Amino acid sequence: MAFDVKNKSVLVTGANRGIGKSILEEALNRGAKKVYAAVRQIESAESLVAEHGDKVVPIRVDLEDADSITAAAQTAADVDVVVNNAGVLKQKSAIDAGAIEALQFEMNTNVYGLMRVAQAFAPVLKANGGGAFVQLNSVASVKTFSNMATYCASKAASYSITQGLRDSLREQGTLVVSVHPGPIQTDMGQEAGFGDMAASPSLVATATFDAIDEGHFHVWPDPMAEQVGAAYQSFAENVVEADMQEN
């Protein structure tokens, strides 16, 4: 179920910086006619408009605010590709003070936010012929790191929802892509202390659109992710991506 982004409209949440900004720029490089920069504060996308002109359309989306997502789906009624990139991270182990509150915060954005976006935009994608829905997950969705256990739990949940979306949206002709970066050079990565191990966000953007072009579900875009993906490949192909029937 491959999809060509050329001359199509794309929406990217969290498009004003980091991975989201790289994805926006890669979409334009590949010939997208328009990219909706879905951000919590419209003014944060002004520099993107200054650089790319009317090919970038800022639109307010807060993953914690269902009304903002519903309104965005009405405004971006011509969208062909939705990339849900925005997310949050709290560095909490499971036994840290405030861990439960951190997990609740991360789940609200990383999981419930994903579901809000999918529910709002799935009908739009269907009306426009199917298109593609991309979720930025993480290597943390398949491997837990103790110092950010709550974040890993939220990403494991978002990966699970993404798998469900793959099956649910197949009938309407929508390609679903699950992207699993390792440590990336972003503001979030810097705050998490990833340091020199972090890879360029451009790797994520390139691998994401390659997967859309080729119709792949799993994306492992950077060196650490490639190692995890190689070890996970058999399970991914033979269980996650297999057409297994419920008993």
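Below, the figures for the structure above:
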quantity: Volume per residue of the C-alpha convex hull in region 99-139, rounded to whole Å³; calculated: 53 Å³
quantity: Accessible surface of region 16-134 [probe 1.4 Å, protein heavy atoms]: carbon and sulfur percent; calculated: 49 percent
quantity: The chain: translational diffusion in µm²/s, Stokes-Einstein, Kirkwood Rh over Cα pairs, 20 °C, 1.002 mPa s; calculated: 119 µm²/s
quantity: Solvent-accessible ranking of H216, H180, H52, largest area first, probe 1.4 Å; calculated: H216, H52, H180
quantity: For region 95-106, 3J(HN,Hα) per residue [Karplus equation, 6.51 cos²θ - 1.76 cosθ + 1.60, θ = phi - 60°, Hz, x = Gly/Pro]; calculated: 10, 5, 4, x, 5, 5, 5, 4, 5, 4, 5, 5
quantity: Cα gyration tensor shape for region 198-239, rounded if a/c is under 1.5, else prolate or oblate; calculated: oblate
quantity: Neighbour net charge for L24 - beta-carbon separation under 12 angstrom, K R +1, D E -1; calculated: +2
quantity: Theoretical ellipticity at 222 nm over the chain - DSSP helices of four or more residues, -39500 (n - 2.57) apiece, nearest 500; calculated: -14000 deg cm²/dmol
quantity: Long-range HN-HN contacts of V35 with modeled amide H, under 5 Å; calculated: V10, V56, V57
quantity: Heavy atoms of S44 accessible to a 1.4 Å probe, total area in Å² rounded to 10; calculated: 40 Å²
quantity: Within a Gaussian network of the chain (alpha carbon springs, distance under 10 Å), most fluctuating of G173, G113, G182; calculated: G173
quantity: Calculated from backbone phi, Karplus (6.51, -1.76, 1.60) coupling profile of region 160-165 in Hz, x at Gly/Pro; calculated: 4, 4, 4, 4, x, 5
quantity: Solvent-accessible ranking of E43, E171, largest area first, probe 1.4 Å; calculated: E171, E43
quantity: Heavy atoms of Y112 accessible to a 1.4 Å probe, total area in Å² rounded to 10; calculated: 100 Å²
quantity: Region 77-145, relative contact order [Cα under 8 Å, separation at least 6], %; calculated: 52 percent
quantity: Under 5 Å, built H, 5+ apart or other chain: amide partners of I184; calculated: A199
quantity: Whole-Hz couplings from phi, Karplus 6.51/-1.76/1.60, listed for region 4-14; x for Gly and Pro; calculated: 9, 7, 4, 6, 10, 9, 10, 10, 10, 7, x
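The values are calculated or read from the model by the stated rules, or taken from the named source; none is laboratory data. In this text the structure is predicted, and so the values were computed from the model without any measurement. Note that we place each Cβ from the backbone using ideal geometry, even for glycine, and neighbour counts take in every protein chain shown. Ligands, DNA and RNA are stripped out before the accessible areas are found, and what is left, the full protein with its side chains, is counted by its heavy atoms. Shrake-Rupley method; radii C 1.70, N 1.55, O 1.52, S 1.80 Å.
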